[in-house]
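One structure below.
The values are calculated or read from the model by the stated rules, or taken from the named source; none is laboratory data. Bear in mind that the values here come from a model prediction, so they are computed numbers and not experimental data. Glycine also receives a Cβ, built like all others from the backbone with ideal geometry; neighbour counts cover every protein chain displayed. Quick note on the areas: whole protein, heavy atoms, side chains included, nothing else; ligands and nucleic acids left out. Shrake-Rupley method; radii C 1.70, N 1.55, O 1.52, S 1.80 Å.
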Amino acid sequence: MLVRRKMMMNKFSFAILCVAAFAVSAFSQASTGIRPRVAPTPVAPAPVIKNDAPQSTDRRPPVFAGESRDTAPAAGAKPSEDSGDVIKVETNLVTLPVSVLDRDGRFVSGLQQKDFRIFENGIEQKVDYFQSVEQPFTVILMIDVSPSTQYKIDEIHDAAITFVNQLRSSDKVMVIAFDDQVRVLCEPTNNRNRLRDAIYEAQFGDGTSLYEAVDFAVNRELKRIEGRKAIVLFTDGVDTTSRRANYQSTIADIQELDALIYPIRFNTQPRGFGGGGSSGVYGGQRRRRGGFGDMVGIILGGGQIPMGGGMGGAGSSPEEYELGKQYLETLAKNSGGRMFEDNNNLDAAFSGIAEELRQQYSLGYYPDNVGQKGDRKQMKVRVMRPNLIVRAKSSYIVGENGVRVAGK
């Protein structure tokens, strides 16, 4: 009886062991199927590059030329949540547009970087950047519609249309008219019909705010225009009503301009006062072409037609006209453009302007001596080929933490 009980116990224990072994095996297989064991891939060390600079841990915002570095966060300030890499942009590169013409005023193409030399304050600089690409451009046509130009308004309209006809379909034009106020007649467009309509909308008014018009175009409109750009200014150069801008302030703005200015000077000075206007003169008074009624008014002692740049004779003296001419010449010189007189061949002049703008060279260099804020640096560009004329900006002003860009 005892032996039989032991045998039954052994069989029971054996059965339990078999069941346990089977359960362990099944669990092991199930676990293996659900979460396979993956051997980790060894990570290779980063390659070492010769002269590789260590990665910066500076997380401050990028600093551009003209900005201050004194903007570090105060102690204890929380770091920015943006953990992306920050690219610092600190450069003293001076760039400027350059036009090269032959003695006949035609643009000279095909020049290479080795053909140019740049001097700053008389010291030669290394040309670090060079580009010669034909690109479309945008021009702001500024039309003087003050009383002094009323006898020339038809000629100004015709000249502006002639200029537009010289452009290609990819070039854009903006039209601004000014007397004592400044008005935008057309935003930049290549629609020739729209441009012609805008040009003929420019009809004369009162006063001449030439300086304010230039200030408006330079400091507001040009800053919104990308790419190559220029101003073509139709005027006699005489200002009579500007209050918020003047001769000196606008010339200073041109020093930092990345656009060329081409004044087209119309001589509206009355004959007998040192000028050569096309209108007739009676008793020292200007009259409109074919203005029989004006003549009768003068004979009867009636209406007096204002002379020169403003009402009541303002802006009509030889000195004021000479100052106006000097102003336009300075605008052209300081921007790298050219001034033309209305008695020149304007068709050829406009064709040359369009070609200059479309095919400019662009040069750049890093000054050996950056200088201090407010310093004026003189520049000179030369081409190492005979009988060529170089047109480029002649100076720039040093700004915050580096130089101001002289052009694009």
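Given the conditions (1) modelled with pLDDT of 95 or more; (2) open to solvent by less than 20 Å² (accessible area, probe 1.4 Å); (3) of a type outside the set (S, T, N, Q), and given that Lys229 satisfies all but one, which numbered condition is not satisfied?
(1)
Of the conditions (1) assigned to a strand (DSSP E or B); (2) under 24 Å from Glu356 (Cα atoms); (3) basic (Lys, Arg), Arg183 fails just one. Which one is it?
All conditions pass for Arg183, except number (2).
Checking Glu90 against (1) surrounded by fewer than 14 Cβ atoms within 10 Å (Cβ to Cβ); (2) modelled with pLDDT of 90 or more; (3) out of contact with any Asp or Glu (no Cβ under 8 Å at 6 or more places or on another chain), which single condition isn't satisfied?
Every listed condition holds for Glu90 apart from (2).
Could you tell me whether any residue of region 337-351 is aliphatic (A, V, I, L, M) and under 17 Å from the mean Cα position of the chain (by Cα)?
No, that holds for no residue.
Hey, can you tell me all the residues within region 204-216 that are open to solvent by 10 Å² or more (accessible area, probe 1.4 Å) and either at pLDDT below 90 or out of contact with any helix residue (DSSP H, G or I) (no Cβ under 7 Å at 6 or more places or on another chain) (or both)?
Listed by number, the residues that qualify are Phe204, Gly205, Asp206, Glu212, Phe216.
All but one of (1) open to solvent by 20 Å² or more (accessible area, probe 1.4 Å); (2) under 16 Å from Val175 (Cβ atoms); (3) touching a helix residue (DSSP H, G or I) at 6+ places or on another chain (Cβ under 7 Å) hold for Glu201; which doesn't?
(3)
Given Asn191, Asn219, which one is without any contact (Cβ under 8 Å) to a residue 12 or more places away in the chain and open to solvent by 10 Å² or more (accessible area, probe 1.4 Å)?
Criteria check complete, one pass: Asn191.
Tell me, which residue of region 110-161 that is of a type in the set (Asp, Glu) and over 30 Å from Ala213 (Cβ atoms) is surrounded by the fewest Cβ atoms within 10 Å (Cβ to Cβ)?
Glu134
Going by the structure shown, is Ile231 of a type outside the set (Gly, Ala, Ser) and touching a Leu at 6+ places or on another chain (Cβ under 9 Å)?
For Ile231, the condition - of a type outside the set (Gly, Ala, Ser) and touching a Leu at 6+ places or on another chain (Cβ under 9 Å) - is met.
Among the residues of region 367-384, how many are more than 20 Å from Gln112 (Cβ to Cβ) and in a loop (DSSP other than H, G, I, E, B)?
Within region 367-384, residues that are more than 20 Å from Gln112 (Cβ to Cβ) and in a loop (DSSP other than H, G, I, E, B) number 9.
Looking only at region 167-186, how many residues end up being touching an Asp or Glu at 6+ places or on another chain (Cβ under 8 Å) and open to solvent by 40 Å² or more (accessible area, probe 1.4 Å)?
3
Report, by residue number, each residue of region 337-366 that is over 12 Å from Arg265 (Cα atoms) and assigned to a loop (DSSP other than H, G, I, E, B).
Gly337, Asn345, Gln359, Gln360, Tyr366
Within region 316-332, take every residue that is of a type outside the set (A, V, I, L, M) and surrounded by fewer than 17 Cβ atoms within 10 Å (Cβ to Cβ) and give me the one that is modelled with the lowest pLDDT.
Pro318
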